[in-house]
Amino acid sequence: MSETEQAPPGVDITVPSPARMYDYILGGTDNYEVDRQAVETVRKQMPELEDAAWANRGFLQRAVRWLTLQGVRQFIDIGAGLPTMNNTHDAAQAVAPDARVLYADNDPLVTAHANRLLANSSGTAFITADFRDPDGLLGHEVTRATIDFTEPVALLAVALTHFVPDEDDPWGLIRQYMDRLAPGSYLALSSITSDRQMDKAVGTVREVYSRSTAGARPRSLREIERFFTGLEIVPPYEGAAASLTYVGLWGAEDPEEADSEGSRWGYCAVAKKTG
Ligand SMILES: C[S@@+](CC[C@H](N)C(=O)[O-])C[C@H]1O[C@@H](n2cnc3c(N)ncnc32)[C@H](O)[C@@H]1O
């Protein structure tokens with residue numbers, strides 16, 4: 001977006017936003033100079049940035065397709081972001097046209113974008129809501145009109161929880177959401193990791209995002225595993241153990257081929273609520 005265009009309400013074009021930075025990394029146009037500069041600073045220390053974002057995006061799409069094939073027909077996608085193509089409802093409705101998706105995000109530009117993008121999509125709804133407010137998000141009238149809480153739901157928290165500091169207990173928040181979903185529901189979650197990355201690159205990610213509207217906290221495998229406590233993790237690809245994997249490998253036909261430097265920046269899993 002050009003700086004001379006009127007920014008939508010609530011959008012501050014002087015502070016980078018993770019949603020707009022992610023959009024720029026993926027080649028979108030819903031971003032401003034301040035976002036592009038922030039991304040380019042990160043890219044200097046993390047040249048595989050674009051690969052990392054696409055590997056994460058691929059996880060989201062493959063997981064949604066797989067979940068729909070398991071019979072899931074309802075999705076709550078928190079931290080939905082700005083991508084213009086191949087969103088959750090596209091992946092789900094390609095398998096089951098009756099699949100419904102509730103998108104939620106707390107970025108004002110995502111609100112403006114979602115209203116434009118979803119105007120003609122059936123079975124989708126968007127709310128401006130904060131992940132840290134489960135009561136507000138799940139109790140929202142649009143959520144209740146879109147989601148039948150007596151039936152299984154897939155909760156998507158893809159590249160979201162690393163924007164939530166430990167002090168806000170993202171693990172407890174995920175548990176609160178899952179507690180309210182019917183048995184047979186799923187959690188699909190990915191997070192950036194600091195494991196096996198160069199300190200300088202991790203430091204730059206932290207530093208640049210600390211100057212954005214939400215700081216980033218790359219977490220260890222152990223910390224990311226904790227999000228799935230009490231849930232049954234599904235094997236991420238044929239022949240794999242039921243455990244977390246790198247984002248590019250989840251659902252990959254050829255995991256060796258899918259392995260890349262970028263993919264190793266994110267761990268993910270899909271897990272079922274059985275009880
Ligand atoms: C990196 S993008 C991920 C987009 C999409 N989920 C994906 O993985 O392709 C992270 C998104 O999370 C949103 N976000 C960050 N903190 C949030 C919060 N507390 N509540 C709701 N959304 C949040 C940001 O606005 C951004 O759109």
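Taking every residue in the stretch 95-123 that is in contact (Cβ under 8 Å) with a residue 12 or more places away in the chain and on the phi > 0 side of the Ramachandran plot and pairing it with any residue that is of a type outside the set (D, E, K, R) and not in a loop (DSSP other than H, G, I, E, B), at least 6 positions away or on another chain, the pairs with Cβ-Cβ distances below 7 Å are G123/H89; G123/Q93; G123/V101. Taking the conditions (1) away from the ligand (no atom under 14 Å from the Cβ); (2) closer than 25 Å to L26 by Cβ; (3) surrounded by fewer than 18 Cβ atoms within 10 Å (Cβ to Cβ) in turn, A99 satisfies each one other than (3). Could you list all residues from the stretch 221-235 that are in a helix (DSSP H, G or I) and either among the aromatic types (F, W, Y) or touching a Lys or Arg at 6+ places or on another chain (Cβ under 7 Å) (or both)? Residues satisfying the conditions are F227, F228. Here the stretch 90-117 is the region considered, the condition is being part of a loop (DSSP other than H, G, I, E, B) and in contact with a helix residue (DSSP H, G or I) (Cβ under 8 Å, 6 or more places away or on another chain), and the residue that is farthest from G58 (Cα to Cα) is D107.
Check R73, R20 and return the single one that is more than 15 Å from the ligand (Cβ to nearest atom), within 30 Å of G136 (Cβ to Cβ), charged (D, E, K, R) and in contact (Cβ under 8 Å) with a residue 60 or more places away in the chain. It is R73.
Looking at the stretch 129-144, is at least one residue among the polar types (S, T, N, Q), touching a residue at least 60 places away in the same chain (Cβ under 8 Å) and surrounded by 19 or more Cβ atoms within 10 Å (Cβ to Cβ)? The answer is no, given that none of the residues of the stretch 129-144 is among the polar types (S, T, N, Q), touching a residue at least 60 places away in the same chain (Cβ under 8 Å) and surrounded by 19 or more Cβ atoms within 10 Å (Cβ to Cβ). Restricting the stretch 70-84 to residues that are out of contact with any His (no Cβ under 9 Å at 6 or more places or on another chain) and among the aliphatic types (A, V, I, L, M), the residue that is surrounded by the fewest Cβ atoms within 10 Å (Cβ to Cβ) is V72. Scanning the stretch 177-220 for residues that are away from the ligand (no atom under 16 Å from the Cβ) and not in a loop (DSSP other than H, G, I, E, B) yields a count of 9.
For (1) at pLDDT 95 or above; (2) buried (at least 18 other Cβ atoms within 10 Å of the Cβ); (3) touching a helix residue (DSSP H, G or I) at 6+ places or on another chain (Cβ under 8 Å); (4) among the aliphatic types (A, V, I, L, M), each residue gets a yes or a no:
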position: Q6; (1), (2), (3), (4): no, no, no, no
position: P9; (1), (2), (3), (4): no, no, yes, no
position: P18; (1), (2), (3), (4): yes, yes, yes, no
position: R36; (1), (2), (3), (4): yes, no, yes, no
position: T41; (1), (2), (3), (4): yes, no, yes, no
position: L49; (1), (2), (3), (4): yes, yes, yes, yes
position: A55; (1), (2), (3), (4): yes, yes, yes, yes
position: L60; (1), (2), (3), (4): yes, yes, yes, yes
position: T68; (1), (2), (3), (4): yes, yes, yes, no
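If the condition is being in contact (Cβ under 8 Å) with a residue 40 or more places away in the chain, more than 20 Å from F59 (Cβ to Cβ) and surrounded by 14 or more Cβ atoms within 10 Å (Cβ to Cβ), then the stretch 204-236 contributes T204, V208, Y209, S212, T213, A214, G215.
Can you name the residue in the stretch 143-176 that is part of a loop (DSSP other than H, G, I, E, B) and among the hydrophobic types (A, V, I, L, M, F, W, C) and, of all such residues, is nearest to R206 (Cα to Cα)? Talk me through it step by step, then tell me what you get.
We begin by selecting, within the stretch 143-176, every residue part of a loop (DSSP other than H, G, I, E, B); these are 147-153, 159-160, 164-165, 169.
Within this subset, residues satisfying the condition of being among the hydrophobic types (A, V, I, L, M, F, W, C) are 147, 149, 153, 159-160, 164.
Values: I147: 35, F149: 37, V153: 33, A159: 15, L160: 15, V164: 13 Å.
Once the filter is applied, the top-ranked residue is V164.
The set of residues in the stretch 160-197 being surrounded by 18 or more Cβ atoms within 10 Å (Cβ to Cβ), under 23 Å from G71 (Cα atoms) and over 18 Å from the mean Cα position of the chain (by Cα) consists of L181 alone.
Considering the conditions (1) in a loop (DSSP other than H, G, I, E, B); (2) within 21 Å of L117 (Cβ to Cβ); (3) of a type outside the set (K, R); (4) more than 12 Å from the ligand (Cβ to nearest atom), T68 is excluded by exactly one of them, (1). How many residues, within the stretch 139-159, are closer than 21 Å to L67 by Cβ and of a type outside the set (S, T, Y)? The number of residues fulfilling the criteria is 12.
The values are calculated or read from the model by the stated rules, or taken from the named source; none is laboratory data. Just so you know, these numbers come straight off a predicted model, no measurement behind them. Cβ: placed from backbone, ideal geometry, glycine included. Neighbour counts: every protein chain shown.
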